[in-house]
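The values are calculated or read from the model by the stated rules, or taken from the named source; none is laboratory data. All figures in this text were calculated on a predicted structure; none of them were measured in a lab. Note: ideal-geometry Cβ built from the backbone for every residue, glycine included; neighbour counts use all protein chains shown. To get the accessible areas, we keep the full protein, side chains included, count just its heavy atoms, and leave off ligands, DNA and RNA. Shrake-Rupley method; radii C 1.70, N 1.55, O 1.52, S 1.80 Å.
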Amino acid sequence: MIKAKDLTYEYIRVMETDHGTKEEKVSALKQVNMEIEQGDFIAVLGHNGSGKSTFAKQINALLQPTGGTLWVKDMDTKNDALVWDIRQTAGMVFQNPDNQLVATVVEEDIAFGPENMGVEPKEIRRRVDEALATVRMEEYATHTPSKLSGGQKQRIAIAGVLAMKPDCIVLDEPTAMLDPVGRREVMETIERLNKEEGITMILITHYMDEAVRADKVFVIDDGDLVMQGTPREIFSQVEELKKYGLDVPQVTEVAYLLRKEGIDLPADILTIEEMVGAVCQLKSTI
Ligand SMILES: Nc1ncnc2c1ncn2[C@@H]1O[C@H](COP(=O)(O)OP(=O)(O)O)[C@@H](O)[C@H]1O
Ligand SMILES: [Mg+2]
C-alpha cells in the first residue's frame, strides 16, 4: 500500500538576521525506509517535533520528498500528475475538526470531496448516505457541524474522507482535542473501518492506549524511524521508549516498576486483564 525508500524531507526555514534574511535547512525526515501493507492498522509515535506530521503529509502528497521516494499504491508522490489520484487513495484527517469542516450542513460537507472529484450527483447521494451510516451519524445529516461535539465532528471529517472511497486514511492526532467520550467514539470508528472495510489506517497519536490497539507501531525520533514492531514488541522496551521521550501504557509501566523491585512479572503486559492474570499467578510465590 505504502512504501518509503530513503524518504527524506527538508524544510527551508527563513530567518531574520541583522544583515537581511538567512535560510536554514531543517531535516524533518531522514532516509526513512518502511512498508505498510493493505489493511494494516499502524500507529505512529514520537515526541513533539519528531517528524510525524511531516510523514503524514508525505502520504497525502501535501508535501513531496526532497530526497528518496514514497509510493502510495505504486504511485510516486513526486509525480505531480498523480497528486489527485494519491489524495483520493490516501485521505487525511487532522487534529482540529473545525479546520476541516467546510460546509454549514453535515451532508453538504461530506459531499464536498466527491463533488470536487466530479462524481455524478446520484452517486454522491449514495456515498454520503453510506459514509454517514458507516460513522453512525445518519440522524445528523441535516445538522450544522458547528453544533456537534468534538467526537461527532471528527466522525463527520472521517465520513468526508470515506466519501472519496480511499484505500487508506491517515489521521494526524485526531483525538488530541477530544474528551474521553469523543476519543472512544473516534477510536471505535477507526478500528471498525479497519477491521470491517479493510481500510488501511495510519494513526498518529500520543496516547499509548490507542497505539496498543494497532497491528504495528512505528516510532519516529528526530526524523528517523527508530523502532517498528507489534505493540507488544515495542512497549516491552520501556527504557528505549523513555530514551525517545515516550511513555508506555500505564499497566506496562506498573509491571516495569514492579519488575525493577524484583517481582517476576512478564515485560510485555499491555492490558489490565493481562496484569490481573499475571498478578494472580504470582500470589503463591510472594
Ligand atoms: N513549515 C515548517 N517550516 C520549517 N520547519 C518546520 C515546518 N513544519 C515543521 N517544521 C519542523 O520540522 C520538524 C518536524 O515537525 P513535525 O513533522 O510537525 O513534527 P511532529 O508532528 O512530530 O510534532 C520540527 O523540527 C519542526 O520544527
Ligand atoms: Mg504533528
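Evaluating Glu35 against the criteria (1) touching a strand residue (DSSP E or B) at 6+ places or on another chain (Cβ under 6 Å); (2) part of a helix (DSSP H, G or I); (3) open to solvent by 20 Å² or more (accessible area, probe 1.4 Å); (4) away from ligand 1 (no atom under 16 Å from the Cβ) leaves one unmet condition, (2). Here Thr69 meets each of (1) over 29 Å from Val248 (Cβ atoms); (2) outside any strand (DSSP E or B); (3) touching a strand residue (DSSP E or B) at 6+ places or on another chain (Cβ under 6 Å) with one exception, condition (2). With respect to (1) away from ligand 2 (no atom under 16 Å from the Cβ); (2) not in a loop (DSSP other than H, G, I, E, B), the lone exception for Lys78 is condition (2).
Would you confirm, using the coordinates I've provided, whether Pro174 is open to solvent by less than 10 Å² (accessible area, probe 1.4 Å) and either among the basic types (Lys, Arg) or within 28 Å of Phe218 (Cβ to Cβ) (or both)? Spell out how you get there, then give the answer.
Details: open to solvent by less than 10 Å² (accessible area, probe 1.4 Å): yes; either among the basic types (Lys, Arg) or within 28 Å of Phe218 (Cβ to Cβ) (or both): yes.
Yes, satisfied.
Sort out which residues of the stretch 215-252 are out of contact with any strand residue (DSSP E or B) (no Cβ under 9 Å at 6 or more places or on another chain), buried (at least 17 other Cβ atoms within 10 Å of the Cβ) and either part of a helix (DSSP H, G or I) or without any contact (Cβ under 8 Å) to a residue 12 or more places away in the chain (or both), and write them in order of number. Spell out the reasoning first.
Pass one, the stretch 215-252, residues out of contact with any strand residue (DSSP E or B) (no Cβ under 9 Å at 6 or more places or on another chain): 232, 236, 238-239, 242, 247-252.
Still in the running and buried (at least 17 other Cβ atoms within 10 Å of the Cβ): 236, 238, 248-249, 251-252.
The answer is Val238, Val251, Thr252.
Out of Ala103, Ala111, one residue alone is small (Gly, Ala, Ser), open to solvent by 20 Å² or more (accessible area, probe 1.4 Å), on the phi < 0 side of the Ramachandran plot and away from ligand 2 (no atom under 16 Å from the Cβ). It is Ala103. Any residue in the stretch 80-94 that is small (Gly, Ala, Ser) and free of Cβ contacts under 8 Å to residues at least 12 places away in the same chain? For the stretch 80-94, residues small (Gly, Ala, Ser) and free of Cβ contacts under 8 Å to residues at least 12 places away in the same chain: present. Taking the stretch 35-75 as the range and being of a type in the set (Lys, Arg) and within 12 Å of ligand 2 (Cβ to nearest atom) as the test, the residues that pass are Lys52, Lys57. Taken over the stretch 167-222, the criterion of being within 16 Å of ligand 2 (Cβ to nearest atom) and within 20 Å of Leu270 (Cα to Cα) is satisfied by Leu203, Ile204, Thr205, His206, Tyr207, Glu210, Ala211, Phe218, Val219.
Of these, Thr17, Thr66, which one is loosely packed, with under 14 Cβ neighbours inside 10 Å and more than 30 Å from Lys242 (Cβ to Cβ)? Please lay out each step first, then the result.
Numbers: Thr66 fails: loosely packed, with under 14 Cβ neighbours inside 10 Å.
Being loosely packed, with under 14 Cβ neighbours inside 10 Å and more than 30 Å from Lys242 (Cβ to Cβ) holds for just one of Thr17, Thr66, which is Thr17.
Screening Lys57, Lys52, Lys30, Lys25 for residues that are open to solvent by 10 Å² or more (accessible area, probe 1.4 Å) and in contact with a Leu (Cβ under 7 Å, 6 or more places away or on another chain) leaves exactly one candidate, Lys57. Every test in (1) more than 16 Å from ligand 2 (Cβ to nearest atom); (2) open to solvent by 70 Å² or more (accessible area, probe 1.4 Å) is passed by Phe94 save one, and that test is (1). Within the stretch 149-160, residues that are in contact (Cβ under 8 Å) with a residue 40 or more places away in the chain have Cβ atoms under 6 Å from residues that are open to solvent by less than 10 Å² (accessible area, probe 1.4 Å) and in a loop (DSSP other than H, G, I, E, B) in these pairs: Gln154/Pro174; Ile158/Val135; Ala159/Val135, counting only partners at least 6 apart in sequence or on another chain. So which residues in the stretch 190-211 are more than 13 Å from the chain's Cα centre (by Cα) and either within 25 Å of Glu233 (Cα to Cα) or modelled with pLDDT of 95 or more (or both)? Answer for the stretch 190-211, where residues must be more than 13 Å from the chain's Cα centre (by Cα) and either within 25 Å of Glu233 (Cα to Cα) or modelled with pLDDT of 95 or more (or both): Arg192, Leu193, Lys195, Gly198, Asp209.
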